[in-house]
Amino acid sequence: MRNLSHWILIAAGACASPSTAEPAANLALLAQPSASYVSGDTSVAALNDGNEPTLSRERGPGSFGNWPKTGTQWVELSWTKAISTDAIEVYWWDDHQGVRLPSQCRLKFWNGSDYALVPSAEGLGVEGDTFNRTTFQPITTTRLRLEMDGSESFSTGVLEWRVFDTGDSPAFPPDTHAGLDRSVMLDGPTYLHGQVKALKHADQLELQWRKLSGPGEVTFAQPSATETTARFSQLGTYELALEAKLDGETSSDSLQVTVIDPPKEQRLDVVYTTPYQINNPLWNDRAKALITQWIPHCIDVIEDRSLNTGGIDNFEEAAKALRGEAHQRHKGYVFANAWVHQTVESMCIALMVDAQGDSEILAAQQRFRSTLDSWIPSILAAQEPDGYLQTAYTLADRQHWPERWNPANRENHEGYVAGYFIESAINHYTLTGGKDTRLYDAAKKLADCWVNHLGPGKKAWYDEHQEMEQALVRFGRFVNDMEGHGRGDAYISLAKFLLDNRGHGEVCQEYDQSHLPVQQQYEAVGHAVRAVYSYSAMADVAAETQDTDYESAVMSLWDNMVNRKYYITGGIGSGETSEGFGPDYSLRHDAYCESCSSCGLIFFQYKLNLAYHDAKYADLYEETMYNALLGSVDLDGKNFFYQNPLDTYTARYPWHGCPCCIGNIPRTLLMVPTWTYVKDEKGIYTNLFIGSTIQVGEVAGTQIEMVQKTDYPWDGKVAITVNPAEDREFELRIRIPHRDVSVLYQGQPQANGLTQLQINGEPTPFAEELGYAVLHRKWQKGDTVSFEIPLVPQKITASDKIEATRGEMAFRYGPLVYCVERADQNIQRPVDPNAPLSVEWQPETLNGIKVLKGKWADGDDLLAIPYYARANRESAAGMGQFGGPGATGGGDGTRDQKGPSSRVWLPVR
């Protein structure tokens with residue numbers, strides 16, 4: 001289903017009335033839609049978006065539904081002027097699941113005081129796969145309401161609703177939309193996609209783009225076209241307007257363009273995760289839980305051949321098939337290989353964590369070695385002779401899956417699973433110091449297979465679920481760093497090719513970010529995990545190629561997401577589209593915030609830090625890591641959250657019907673060296689503050705070890721010891737924390753900056769550049785930089801543009817967002833906004849935390865705990881439980897009828 005409003009000028013309705021020679025205008029195009037209820041993964045805007053459905057079973061951004069509501073529901077169109085109509089057409093949605101064709105429908109109009117049935121209605125059909133036409137005596141009204149009676153226990157839905165003009169409706173000005181606010185590089189174009197809807201005489205429309213304000217000149221390639229480009233002569237903020245004139249009526253709309261300098265030509269270098277040590281109360285505790293409990297639990301399930309979710313047995317069966325032996329069918333989702341590869345990578349990273357004599361960690365690590373010894377041969381035996389690897393394909397019936405990379409089967413996740421395998425090979429290589437290259441060589445063979453079959457002059461293709469793109473760039477960089485001679489360049493080029501193919505096919509949908517060419521995407525839309533994986537790869541490609549269009553798109557997407565669609569916890573995805581983004585500023589407390597999307601967002605922000613050398617991106621990925629992701633696994637390391645809403649109603653669960661997050665969480669959290677430091681030829685950048693000993697590799701011609709001593713985030717004191725193998729002159733840059741990077745949230749009192757900075761005990765002034773304190777000197781082994789990060793309790797208020805948080809307050813301490821929990825108090829009441837907040841260390845609570853204390857509006861004491869520690873003190877039976885072995889998406893459990901067990905935002909009175 002193609003959404004025509006994204007691509008062409010919408011003019012007269014396409015369906016001709018039998019009583020006239022000319023097509024009747026479709027008045028619905030200029031109406032405001034509404035409904036009695038809207039499903040989270042559909043849109044009320046679909047009612048009149050101009051789509052041309054071909055089947056009732058279609059779904060996507062062009063579908064409206066009211067699931068799980070049943071019985072009688074309604075949809076409505078309203079106009080600013082009274083219209084005259086005598087016919088409508090409705091294309092019903094029937095997804096053959098929860099939404100089916102209605103049993104009957106009725107059409108009503110607003111008569112000035114009430115809704116009345118349209119007179120002499122004929123039609124009111126409820127057939128599928130066609131427009132159902134209804135005619136009636138002409139009426140004049142400002143509102144039409146379509147009532148739908150659900151069949152049995154099913155919900156109802158609509159793909160498109162048309163309303164036809166009798167010819168007596170008043171003239172309406174064109175409906176004009178200039179497009180999205182965005183950023184653009186100074187030396188590049190911005191792609192303008194204006195939309196103008198007109199009911200009549202569309203060929204007589206007069207269109208004009210013009211500059212309303214801005215510091216420099218603006219040049220439009222085609223000023224009178226809805227789709228064109230604009231270029232700018234100076235840095236700064238501009239306002240551009242699209243004006244439309246028709247039949248004496250004029251309308252206009254504007255957008256804002258921020259013109260910025262492109263990133264530095266040379267990106268920063270990755271610090272690969274190699275054997276390291278953690279010495280930090282919070283991180284030691286969380287790492288131990290992941291290593292001794294969570295990863296072993298994942299291994300247990302993956303090795304359980306009695307389950308149907310798909311695990312290591314898929315690789316064993318695929319190996320049999322390749323050897324020509326009898327074999328079983330593939331189990332689980334087509335992408336079931338993904339969590340095996342993620343768990344391999346998690347084991348490799350966990351083996352690089354120094355156990356420091358802890359017997360439980362040592363025992364778990366020994367199991368990981370044995371498991372890798374068992375799994376790796378099984379995985380490699382399932383790789384096809386030319387390098388291709390996906391067990392679902394190898395085990396498939398060729399009548400149902402005849403060929404690889406088939407555009408008709410993009411949902412088969414070929415790139416998704418291949419990308420995770422390639423990424424696992426990187427950390428296996430660093431674990432063994434390059435001594436065991438089995439996975440590394442197999443990953444090159446797989447990547448070479450893709451390069452040999454896809455690319456310019458070969459085959460054009462892209463996967464519906466992004467992952468291969470960011471994996472190819474990550475691997476290409478790694479191969480170049482390990483082997484040199486540009487050996488990995490072909491992988492980076494293929495990543496760009498796969499991205500470049502999006503937005504050019506017959507099926508273009510926001511769900512998988514294929515609605516536009518990626519270079520012209522300026523709004524974060526669709527499935528949140530797919531989105532941030534795509535944006536992460538785009539940031540990588542921009543950093544490697546200096547492609548201006550990529551740079552502009554990446555910064556526009558980042559700004560749209562962080563400043564319009566971003567939760568205070570660093571989570572993304574309100575869930576109003578399928579596991580994805582909603583409209584601007586729609587940030588409901590029952591957010592989706594899938595754990596995998598937090599992992600992807602960390603990668604995206606990290607890639608921007610590499611490209612722009614700016615600390616604000618590290619500020620943000622620290623925020624996501626400590627809040628949206630750290631608490632996805634419980635303190636015992638035995639259960640997890642697929643979703644991370646701000647209001648918690650459920651307990652964590654041991655597994656999920658779609659276990660895409662189970663290995664993604666530990667592989668992301670345990671990659672501490674990579675997130676903590678980056679580097680370049682001039683020095684080292686410190687991004688996170690975690691007590692640790694980490695080898696950052698070569699800087700200024702010598703190997704360097706970095707040692708941090710800190711109890712952050714419980715204590716703001718940090719000491720960083722620099723240990724170069726040989727004395728060297730270089731820069732050490734230390735992130736100066738800034739807590740309010742997103743304009744959506746403001747904390748008081750402010751808690752930014754660094755204080756009391758000293759080198760070897762001597763107070764030291766420093767320059768500040770792009771959010772970093774810059775220290776330049778000749779460093780010797782044992783040189784120590786000490787400083788303090790301000791940690792104070794903050795009261796957080798949100799932008800008034802966010803409806804869900806108006807009149808509400810949240811709390812924060814350092815990077816940690818706090819919540820109130822039912823285990824401590826009644827949380828269904830307002831807070832006293834003027835009461836002071838105090839901090840108290842409670843070593844016996846939730847493995848040791850700092851709590852915040854304040855007052856409820858009724859004078860009772862208020863106690864808040866870190867958001868990551870929520871839902872660890874009430875049983876699943878007491879809270880309601882989502883997930884479980886058979887659950888998919890949002891799970892199969894029930895919401896707690898007693899209300900949320902924890903809340904982040906509290907009403908103020």
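The values are calculated or read from the model by the stated rules, or taken from the named source; none is laboratory data. Remember, it's a predicted structure, so these values are computed and weren't measured experimentally. Cβ atoms come from the backbone with ideal geometry, glycine included; neighbour counts cover every protein chain shown.
For G476, are the conditions met, namely being over 25 Å from R410 (Cα atoms), buried (at least 23 other Cβ atoms within 10 Å of the Cβ) and at pLDDT 95 or above? If you could, list the steps in order and put the result at the bottom.
Details: over 25 Å from R410 (Cα atoms): no; buried (at least 23 other Cβ atoms within 10 Å of the Cβ): yes; at pLDDT 95 or above: yes.
Answer is no for this residue.
Among the conditions (1) surrounded by 15 or more Cβ atoms within 10 Å (Cβ to Cβ); (2) over 19 Å from E384 (Cα atoms); (3) without any contact (Cβ under 8 Å) to a residue 40 or more places away in the chain, the only one that A471 does not satisfy is (3).
Residues that are hydroxyl-bearing (S, T, Y) and crowded, with 24+ Cβ neighbours inside 10 Å were ranked within segment 622-649; the one that is nearest to G332 (Cα to Cα) is Y642. Tell me, yes or no, whether segment 478-488 has at least one residue that is in contact with a helix residue (DSSP H, G or I) (Cβ under 7 Å, 6 or more places away or on another chain) and under 27 Å from D559 (Cβ atoms). Checking segment 478-488: not a single residue is in contact with a helix residue (DSSP H, G or I) (Cβ under 7 Å, 6 or more places away or on another chain) and under 27 Å from D559 (Cβ atoms).
Just checking, does segment 809-828 include any residue being over 27 Å from the mean Cα position of the chain (by Cα), of a type in the set (S, T, Y) and at pLDDT 95 or above? There is no residue in segment 809-828 that is over 27 Å from the mean Cα position of the chain (by Cα), of a type in the set (S, T, Y) and at pLDDT 95 or above. When we screen G580, G570 for residues that are within 14 Å of the chain's Cα centre (by Cα), on the phi > 0 side of the Ramachandran plot and among the small types (G, A, S), the only hit is G570. Aliphatic (A, V, I, L, M) and either over 30 Å from the mean Cα position of the chain (by Cα) or outside any helix (DSSP H, G or I) (or both): which single residue out of L290, L282, L240 fits that description? The conditions single out L240.
Candidates in segment 328-384 are the residues that are under 31 Å from the mean Cα position of the chain (by Cα) and small (G, A, S); of these, the one that is nearest to S424 (Cα to Cα) is S346.
Filtered by the rule that a residue be within 16 Å of L431 (Cα to Cα) and of a type in the set (A, V, I, L, M), segment 271-299 gives V271, I291.
If we keep just the residues of segment 663-687 that are under 21 Å from the mean Cα position of the chain (by Cα) and part of a helix (DSSP H, G or I), which is farthest from C599 (Cα to Cα)?
Step one: filter segment 663-687 for residues under 21 Å from the mean Cα position of the chain (by Cα), giving 663-671, 674-675.
When the remaining residues are screened for being part of a helix (DSSP H, G or I), the result is 664-669, 674-675.
On the way: N664: 7, I665: 7, P666: 10, R667: 9, T668: 6, L669: 8, T674: 14, W675: 12 Å.
Once the filter is applied, the top-ranked residue is T674.
Among the residues of segment 359-381, those that are among the hydroxyl-bearing types (S, T, Y) and in contact with a helix residue (DSSP H, G or I) (Cβ under 6 Å, 6 or more places away or on another chain) comprise T371, S378. Does segment 169-185 hold any residues that are at pLDDT below 95, part of a loop (DSSP other than H, G, I, E, B) and surrounded by fewer than 22 Cβ atoms within 10 Å (Cβ to Cβ), and which are they? Those that are at pLDDT below 95, part of a loop (DSSP other than H, G, I, E, B) and surrounded by fewer than 22 Cβ atoms within 10 Å (Cβ to Cβ): S169, P170, A171, P173. Taken over segment 59-94, the criterion of being surrounded by 18 or more Cβ atoms within 10 Å (Cβ to Cβ) and part of a loop (DSSP other than H, G, I, E, B) is satisfied by R59, G60, P61, G62, S63, N66, W67, W93, D94.
Scan segment 817-853 for residues that are among the aliphatic types (A, V, I, L, M) and not in a strand (DSSP E or B) and report the count. Residues flagged as among the aliphatic types (A, V, I, L, M) and not in a strand (DSSP E or B) within segment 817-853 amount to 5. Against the list (1) free of Cβ contacts under 8 Å to residues at least 60 places away in the same chain; (2) in the same structural domain as K197 (by TED's automatic domain parsing); (3) buried (at least 22 other Cβ atoms within 10 Å of the Cβ), the condition T226 fails is (1).
For first residues located in segment 109-137 and farther than 18 Å from A31 by Cβ and not assigned by TED's automatic domain parsing to the domain that holds R57, partners that are modelled with pLDDT of 95 or more and surrounded by 14 or more Cβ atoms within 10 Å (Cβ to Cβ) and lie 6+ apart or on another chain with Cβ distances below 8 Å do not occur. Contact annotation: residue pairs with Cβ atoms under 6 Å, 6 or more positions apart or on different chains, pairing a residue in segment 819-837 that is under 15 Å from Y649 (Cα atoms) with a partner that is among the hydroxyl-bearing types (S, T, Y), are C819/Y867; C819/S902; E821/S902; R822/S901.
Please determine whether any residue of segment 741-749 is hydroxyl-bearing (S, T, Y) and either on the phi > 0 side of the Ramachandran plot or buried (at least 16 other Cβ atoms within 10 Å of the Cβ) (or both). Yes, that holds for at least one residue. Quick one: is T394 over 26 Å from A542 (Cβ atoms) and either at pLDDT below 95 or touching a Leu at 6+ places or on another chain (Cβ under 9 Å) (or both)? Against the criterion (over 26 Å from A542 (Cβ atoms) and either at pLDDT below 95 or touching a Leu at 6+ places or on another chain (Cβ under 9 Å) (or both)), T394 qualifies. Among the residues of this structure, T702 counts as one that is out of contact with any helix residue (DSSP H, G or I) (no Cβ under 6 Å at 6 or more places or on another chain) and surrounded by fewer than 22 Cβ atoms within 10 Å (Cβ to Cβ). The set of residues in segment 315-358 being among the polar types (S, T, N, Q) and over 25 Å from G434 (Cα atoms) consists of Q328 alone.
Of the residues making up segment 750-777, those that are of a type in the set (S, T, Y) and surrounded by 14 or more Cβ atoms within 10 Å (Cβ to Cβ) are T764, Y772.
The lone criterion from (1) crowded, with 16+ Cβ neighbours inside 10 Å; (2) not in a strand (DSSP E or B) left unmet by Q277 is number (2).
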